[in-house]
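**Q** This is the structure I have questions about; it appears just below.
The values are calculated or read from the model by the stated rules, or taken from the named source; none is laboratory data. No experiment lies behind these values; they were computed from the predicted model shown. Positions of Cβ are generated from backbone atoms using ideal geometry, with glycine treated the same way; all protein chains shown enter the neighbour counts.
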Amino acid sequence: MIRIKKSNHPPFDLCPVCGKPDGCLLAEDASAAICLRISAGSKKKVGTSGAGWLHILSDKPLTDRKFRVNKPVEVPPKIGFMTKYAMIYHRNFADLKNSSREPVPEVVKISKLGVSLEALDLLLMGYDNTNYTFPMKNGKERIIGIRLRSDRGKFSVRGSQNGLFWPVGIKADSKELLFICEGPTDCAALLDLGFSVIGRASCNTGLKYIKEAFEHFDRQVIIMADKDEPKFRPGSTEPFYPGFEGALALARDIKPFVRSVRVIKPPFKKDIREWINSGATKEMILELVKNSRFL
């Protein structure tokens, strides 16, 4: 059992029974909890001095569960907290994929995104027993944060910095056309078509690390913007498009240290992943690039 603490990484930062960030205990595979506060629904009281009540959170006994959050492994301190847990979560997802149990719900869910598991592996996607995880890197490819994605939305491990989704094998000094998109799944979709690509955490982040990575390599860059619905600022009737405006801002900022930069957005669908899922090919995307103007 791991004691719940506010400073822990999810899911060990909040009790799944009472929702409090302190005092309770959670099994390493999140299958059971000992809650200090709530007795309703518990199996039994544990201990004689108010230790709490045992709640079973899984319909399988602990010994029958196949998917457990691996115990933290001993790693050299220089690798750091974020790298350590990103690798643990990545191995957890590999265990899900290689399981003999069919179907594996988590794999089924992620496959509905329309990107390959091979591309997600290049992004070191993982699973923390509650959320899908995507490590974020700085311009030196060091992991500085972990993005979490679940049915509840998108958020990050406490202490994360918004870095880059940088796939394994993408080289800063390559002569290939470099695509910069928004988010890890758009990045995976472009990887599936054979593009050299990195992703930003949002449409307004990443400049510092993009400059750190690419300012000395004279790259030709294509920034892929989302095709947003119009937004309106408070008190204004003038629409704005955050994805496209963020892409243009990035293009202006990186123009001094790249060979060329262009901004494109999908002619159909809201983002590149949805456009590819609806039938866009590598040739169609390159044609869109060819017909776009240089900034």
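**Q** Could you say which residue among A94, A86 is in contact with a Gly (Cβ under 8 Å, 6 or more places away or on another chain), among the small types (G, A, S), at pLDDT 80 or above and assigned by TED's automatic domain parsing to the domain that holds I198? Let's see the steps before the verdict.
**A** Working: A94 fails: in contact with a Gly (Cβ under 8 Å, 6 or more places away or on another chain).
Unique residue meeting the criteria: A86.
**Q** Given the conditions (1) in contact with an Asp or Glu (Cβ under 9 Å, 6 or more places away or on another chain); (2) closer than 22 Å to S196 by Cβ, report the number of the one that V221 does not fulfil.
**A** All conditions pass for V221, except number (1).
**Q** Out of curiosity, is G206 closer than 20 Å to K140 by Cα and out of contact with any Asp or Glu (no Cβ under 8 Å at 6 or more places or on another chain)?
**A** Against the criterion (closer than 20 Å to K140 by Cα and out of contact with any Asp or Glu (no Cβ under 8 Å at 6 or more places or on another chain)), G206 qualifies.
**Q** Can you tell me which residue is farthest from I210 (Cα to Cα) among those in the range 128-143 that are in contact with a helix residue (DSSP H, G or I) (Cβ under 6 Å, 6 or more places away or on another chain) and not acidic (D, E)?
**A** Here is the first cut: in the range 128-143, the residues in contact with a helix residue (DSSP H, G or I) (Cβ under 6 Å, 6 or more places away or on another chain) are 128, 133-135, 138-139, 143.
Subsequent filtering for residues that are not acidic (D, E) retains 133-135, 138-139, 143.
On the way: T133: 22, F134: 18, P135: 16, N138: 8, G139: 6, I143: 14 Å.
Per the criteria, the residue is T133.
**Q** Here are A172, A225: which of them is assigned by TED's automatic domain parsing to the domain that holds S116 and surrounded by 22 or more Cβ atoms within 10 Å (Cβ to Cβ)? Spell out the reasoning first.
**A** Values: A172 fails: surrounded by 22 or more Cβ atoms within 10 Å (Cβ to Cβ).
Of the residues listed, the single one that is assigned by TED's automatic domain parsing to the domain that holds S116 and surrounded by 22 or more Cβ atoms within 10 Å (Cβ to Cβ) is A225.
**Q** Could you check, for the range 125-139, whether at least one of its residues is closer than 14 Å to G206 by Cα, of a type in the set (F, W, Y) and surrounded by 15 or more Cβ atoms within 10 Å (Cβ to Cβ)?
**A** Scanning the range 125-139 turns up no residue that is closer than 14 Å to G206 by Cα, of a type in the set (F, W, Y) and surrounded by 15 or more Cβ atoms within 10 Å (Cβ to Cβ).
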